[in-house]
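Values in this text are rule-based calculations from the coordinates and carry no lab data. From a predicted model like this one, the values you see are computed outputs, not experimental measurements. Ideal geometry is used to build each Cβ from the backbone, glycine not excepted, and the neighbour counts take in all protein chains shown.
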């Protein structure tokens with residue numbers, strides 16, 4: 001009997017050998033046998049962080065029981081503290097875990113990057129599941145510590161890169177795996193971040209710590225320094241010199257624009273191209289350097305070797321852009337990344353149905369696409385990625401919005417996406433909560449997230465050290481630069 005094997009079958013078959021772990025997104029066993037809650041029983045969730053991004057993370061889990069909140073700044077946390085008036089409040093997460101540990105099943109960790117590992121590991125050691133905001137950690141050594149702890153204590157984990165749960169991200173992977181654009185040899189990813197100040201060369205004079213803030217607890221394991229608000233002339237709309245938001249730009253606290261957006265925008269390339277460890281990384285361009293902050297602008301190049309049937313690929317990260325980068329061979333006006341917001345006007349046709357997981361970000365719809373490009377549409381900042389293959393190109397937005405082939409007019413009007421191959425997510429928070437209750441590992445659990453974060457963090461080091469850095473993944477170090485190796489581990493404050 002003859003067998004009709006299609007090109008798509010061959011492409012998937014050779015490509016996916018070893019691409020997806022046997023138990024799905026993650027390499028840990030199902031938690032069903034480990035004594036976790038029934039799917040019908042609500043989790044008791046605490047949050048380390050209650051203001052800023054933590055507020056929306058709490059909202060994402062609000063259908064469970066929120067039993068405790070912790071934040072070092074009462075002002076930042078005021079809205080959530082009021083919303084959950086009956087939940088005990090803390091400034092020190094260690095005291096919260098000591099006082100209520102027996103009542104807590106899972107913990108959200110949404111605080112500045114430099115404290116993620118210490119707080120999350122303290123939770124995991126106590127058997128608590130953790131949802132940790134991207135970029136997970138600030139250094140590669142901490143990423144590996146997080147993975148070791150997650151597997152040792154057998155807890156459910158998830159990194160807060162929501163796009164990994166989005167429909168469009170999975171469509172990118174399925175389109176690439178189906179051979180729609182051939183062999184991908186180049187990817188460009190770009191963002192308009194930083195919105196916060198970077199590249200400053202002077203630290204303003206100290207002044208009084210606000211009465212709502214515990215500055216020593218905010219500094220946590222970082223080197224001590226006096227508090228400063230930045231003074232009247234500080235050029236920023238996001239608060240004071242360090243907090244509540246500007247810590248992202250400091251070497252000691254954050255990971256710059258990469259830390260804020262790369263785990264989102266590079267998520268689709270990471271999934272679709274099965275990116276493991278790169279062979280090298282280099283900051284090929286930067287502007288506005290500083291001894292204590294990330295530069296005002298940078299371009300970073302990662303080189304990845306061949307992966308199974310996939311050829312070597314070079315990935316370029318562009319930040320601080322006001323418009324998408326100009327890429328040779330891409331028609332003017334095609335490279336938009338995030339599309340403008342579709343106008344909400346009376347009489348407008350209904351929006352297309354939400355993606356199956358209900359997450360923000362629309363799947364491609366021709367009518368919505370044309371409407372988004374109309375003069376009435378509200379423009380958005382440039383964030384997105386472009387895949388360049390030997391047979392075509394595709395682009396998508398921050399979280400996998402409006403995934404589409406280029407040129408759109410020629411390729412997308414009658415386009416039919418490949419049949420779904422990957423499991424669809426119920427939503428990023430629900431994916432984690434399901435895992436906490438004994439379901440399959442979440443799509444961005446630490447077995448998936450840590451290898452992704454590791455290669456992304458190499459770029460954080462590259463902006464601090466000139467020249468191409470050769471990465472030895474097996475040894476976990478750079479083979480050609482001892483200075484760069486100093487930044488693989490954090491410099492914790494003694495005690």
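Where q = 0.20, 0.21, 0.22 Å⁻¹, what log10 of I(q)/I(0) comes from the Debye formula for segment 30-133, counting one point per Cα?
Reported log10 I(q)/I(0), two decimals: -0.99, -1.09, -1.19.
Tell me the angle of helix 446-462 to the major Cα principal axis of the chain, expressed in degrees between 0 and 90 and rounded to the nearest ten.
That helix lies at roughly 80 degrees to the long axis.
Once you place label points 7 Å from the Cα toward the Cβ at residue 209 and residue 489, how far apart are they in nm?
Result for the modelled spin labels: 2.9 nm.
Using mean Cβ contacts within 10 Å as the protection proxy, how do 260-272, 172-184 order, highest first?
Numbers: 260-272: 26.3, 172-184: 20.3.
Top to bottom by mean Cβ count within 10 Å: 260-272, 172-184.
What is the Rg over Rh value, at two decimals, for segment 203-288, using alpha-carbon atoms and the Kirkwood definition of Rh?
Values: Rg = 17.2 Å, Rh = 15.8 Å.
Ratio of gyration radius to Kirkwood radius for segment 203-288: 1.09.
So what is the relative contact order for segment 235-345, in percent, with contacts set as C-alpha pairs under 8 Å and at least six apart?
The normalised contact order for segment 235-345 reaches 17 percent.
Antiparallel versus total DSSP beta bridges in the chain: what percent is that, nearest 5?
Working: 36 of 60 bridges.
Of all bridge pairs located within the chain, approximately 60 percent are antiparallel.
Students often check this: by mean Cβ neighbours within 10 Å, which of 301-314, 430-443, 379-392 ranks highest, and how do the rest follow?
Answer by packing, highest mean first, reads 430-443, 379-392, 301-314.
If you average the sequence gap of Cα pairs under 8 Å that are 6 or more apart and divide by the length of the chain, what percent do you get for the contact order? Show your work: numbers first, answer last.
On the way: 1043 pairs, mean separation 111.1, N = 495.
Relative contact order comes out at 22 percent.
Using square roots of five times the C-alpha gyration tensor eigenvalues, list the equivalent-ellipsoid semi-axes of segment 377-495 in whole Å, biggest first.
Over the Cα atoms of segment 377-495, the ellipsoid semi-axes are 35, 24, 15 Å.
May I ask you to derive the relative contact order of segment 370-495, considering only C-alpha pairs under 8 Å and at least 6 residues apart, and to give it as an integer percent? Display every interim value, and only then the final one.
Numbers: 75 pairs, mean separation 10.3, N = 126.
Over segment 370-495, the number comes to 8 percent.
Along each of the three principal axes of the Cα atoms of segment 450-495, give the extent in whole Å, ordering the values from largest to smallest.
35, 24, 19
Which value in deg cm²/dmol, rounded to the nearest 500, describes the helix-derived mean residue ellipticity at 222 nm for the chain, given -39,500 (n - 2.57) per DSSP H run of n ≥ 4 and division by the residue count? Could the numbers behind the result be given before it?
Values: 14 runs with 122 residues, N = 495.
Dividing the helical sum by the residues of the chain leaves -7000 deg cm²/dmol.
Note down the nm distance, to one decimal, between modelled labels 7 Å out along Cα→Cβ at residue 63 and at residue 217.
In this crude spin-label approximation the distance works out to 3.2 nm.
Can you pull the three principal axis extents for the Cα set of segment 73-164, in Å, largest first?
That gives 36, 28, 22 Å along the principal axes, largest extent first.
Mind giving me the nanometre distance, one decimal, between the label points for residue 411 and residue 309, set 7 Å out from Cα along Cα→Cβ?
2.0
For helix 167-177, report the angle its Cα long axis makes with the longest principal axis of the Cα atoms of the chain; keep it between 0 and 90° and round to the nearest 10°.
For helix 167-177, the angle is close to 50 degrees.
Rounded to the nearest 10 degrees, what's the angle between the helix 116-125 long axis and the longest principal axis of the chain, both from Cα atoms, 0 to 90?
80
Starting at 0 and stepping by 5 Å, how many percent of the alpha carbon pairs of segment 240-348 end up in each bin?
2, 9, 15, 18, 18, 15, 11, 7, 3, 2, 0
So what does the Cα-only Debye profile of segment 60-121 read at q = 0.14, 0.22, 0.27 Å⁻¹, as log10 I(q)/I(0), no solvent term?
Per q value, in the given order, log10 I(q)/I(0) is -0.39, -1.03, -1.49.
One quarter of the convex hull surface, Cα atoms only: what value does that give for the chain in nm²?
Numbers: hull surface 105.0 nm².
Mean projected area for the chain: 26.3 nm², to one decimal.
Percent of Cα-Cα pairs more than 25 Å apart in segment 115-239, please.
53
Order the peptides 99-108, 45-54 from the highest to the lowest mean number of other Cβ atoms within 10 Å of their residues. If you can, show how the numbers build up before the last one.
Values: 99-108: 19.2, 45-54: 25.1.
Result, highest mean first: 45-54, 99-108.
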